[in-house]
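Rule-based calculations on the coordinates, nothing more; no lab input. Predicted, not measured: the structure shown is a model, and the values here were computed from it. When we count neighbours, we look across all protein chains shown, and the Cβ atoms used for this are built from the backbone with ideal geometry, even at glycine.
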Amino acid sequence: MLDPVVSYFSGSDGVRLAYREVGRGRPLVLLHGIAGDATMWLRYGHAETFATRGYRVIMPDFRGHGRSAKPHDAVNYPLDVLTDDGLALLQHLGLGDDYARDYDLGGYSLGARIVVRMLVRGATPGRAVVAGQGLRQVLGIGGGAGSVLRRVFAGWGMFEPGSPEERAEQSLRSSGADPVALLHVLDSIAPTPVEPLGRVQVPTLVVVGADDERAATADELVEALPHGTRADVPGNHGTAAAAPELTTAILDFLARRQPQT
């Protein structure tokens, strides 16, 4: 696995946030899922493949995750703060309004929800990728990884040995997850209604695992986006994140770029 140097920038409120880069070329900003970090794009080989295809791959750690700060005060997690941080990263990289469409933006799971939030709040990448989410999740309708995490955190340290919850807890512990910070992150996530989705003019790929329950409303998300398109890859929500077909689907979509006018 590649091990790029960790760099830092200031979040929307000055919190210290981390990101990694590999490759050179057109910037491609990729956002990870809840309780993960930027290494998901490195661990499965996605970033390396994108880099070999001419992309400068930029992978931040959300606040409360990875090498980014994990403050415990709820004041550091206002509603939609991850979107604020994503927009701050674009400004830090020089990819703000003055350089509109000179980069691409993608995310998986929670990262995909933040991509949607960035789009409805004015981010204008050339293309966007929303992976591992359907309209139900974008609308903020219950279930999903957030509910599982809340249940695990509520019983932290008290589960029956060998139970699914205890195994989930051990996995989170081994990854360095911070329950206090992650609960604040969950509380900060903003839903996106259908109406603002209809104003997004960025070509957007909705890509989901064929066996992911989120695939049930993927078509509805595509229909809500004026320039949405769908692709399916093998696997469920967990295994699709590692599938090489995910990389292929994203690359094929990015390659269909229209000439700038």
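Phi angles across the range 8-20 convert, under the Karplus curve 6.51 cos²θ - 1.76 cosθ + 1.60 with θ = phi - 60°, into 3J(HN,Hα) values of 9, 9, 8, x, 4, 10, x, 5, 7, 10, 9, 8, 10 Hz, Gly and Pro given as x.
Loop-located trypsin sites (Lys or Arg not before Pro) in the range 97-174 (DSSP state other than H, G, I, E, B) with a sparse environment of at most 16 neighbouring Cβ atoms within 10 Å: R101, R121. Peptides 56-64, 25-33, ordered by how many other C-beta atoms sit within 10 Å of their residues on average, highest first, read 56-64, 25-33.
How would the range 208-261 be classified by its alpha-carbon gyration tensor: rounded, prolate or oblate, with rounded meaning a/c under 1.5 and the a/b versus b/c comparison settling the rest? It comes out oblate by the Cα gyration axes.
Here the spin labels are modelled as points 7 Å beyond Cα on the Cα-Cβ line, and at R167 and L79 they lie 3.8 nm apart.
Is the chain rounded, prolate or oblate when judged by the Cα gyration tensor, a ≥ b ≥ c being the square roots of its eigenvalues, rounded requiring a/c under 1.5 and prolate requiring a/b larger than b/c? Taking the square roots of the gyration eigenvalues as a ≥ b ≥ c, the chain is rounded. Our summary gives the chain a relative contact order of 18 percent, counting only alpha carbon pairs under 8 angstrom and 6 or more residues apart. A cut-off under 12 angstrom between Cβ atoms defines the neighbours of A210, and their net charge, with Lys, Arg +1 and Asp, Glu -1, is -3.
Dividing the summed helix terms, -39500 (n - 2.57) for each DSSP H run of n ≥ 4, by the number of residues in the chain produces a 222 nm estimate of -10000 deg cm²/dmol to the nearest 500. Across A242, A218, A74, mean-square fluctuation computed from a Gaussian network of the chain (C-alpha pairs under 10 Å connected) peaks at A74. Projected onto their three principal axes, the Cα atoms of the range 29-79 cover extents of 41, 16, 15 Å, largest first.
Take every Cα pair under 8 Å whose residues are at least 6 apart in sequence, average their separation, divide by the length of the range 84-215, and the relative contact order is 31 percent.
In this label model, V180 and R43 are separated by 2.5 nm, measuring between points 7 Å along each Cα→Cβ vector. Shape class for the range 1-127, computed from the alpha carbon gyration tensor (a ≥ b ≥ c): oblate, with a/c not under 1.5 and a/b at or below b/c.
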